[in-house]
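Reviewing the structure listed below.
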Amino acid sequence: MSSDEERTFTRLLEEQRAQNNPVSANRTSEAEWRTKLSGKKIVDGQANSVDTFSKKDLPEKHRVVPPGAVVTKDYYPDRLNVHVDEQGNATHVTYG
């Protein structure tokens, strides 16, 4: 096998592993959610400005985690955790 063929094989193998691994797939989604939510206030109703984001537009499996909240340690790789500050603004996101 030539070095070009080996590189192609390795790249295809890594792509296949990423497709079959929900945690890897979530890494891209996590970055996308971080971009969408960064600094925005998470609201129950309709988002009425560019500085707000409605909970109804989050994935079905999600939880909003305020500072100091007690959360279960159960792990769901497809659950989006939106961490917010005291004012309800998104500070970071994780999956799990």
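Every read-out reported here was derived from the displayed coordinates using simple, explicitly stated rules and does not represent laboratory data. Quantities reported herein were computed from a predicted structural model and do not represent experimental measurements.
Excluding same-chain residues fewer than 8 positions from LYS56, which aspartates and glutamates have a Cα within less than 16 Å of its Cα? Answer for LYS56, where 16 Å is the Cα cut-off: ASP44, listed by chain and number.
Computed from backbone phi with θ = phi - 60° and the Karplus coefficients 6.51, -1.76 and 1.60, the 3J(HN,Hα) list for the range 46-63 is 6, 6, 10, 7, 6, 9, 10, 9, 7, 4, 5, 8, 7, x, 4, 8, 8, 8 Hz; x is used for glycine and proline.
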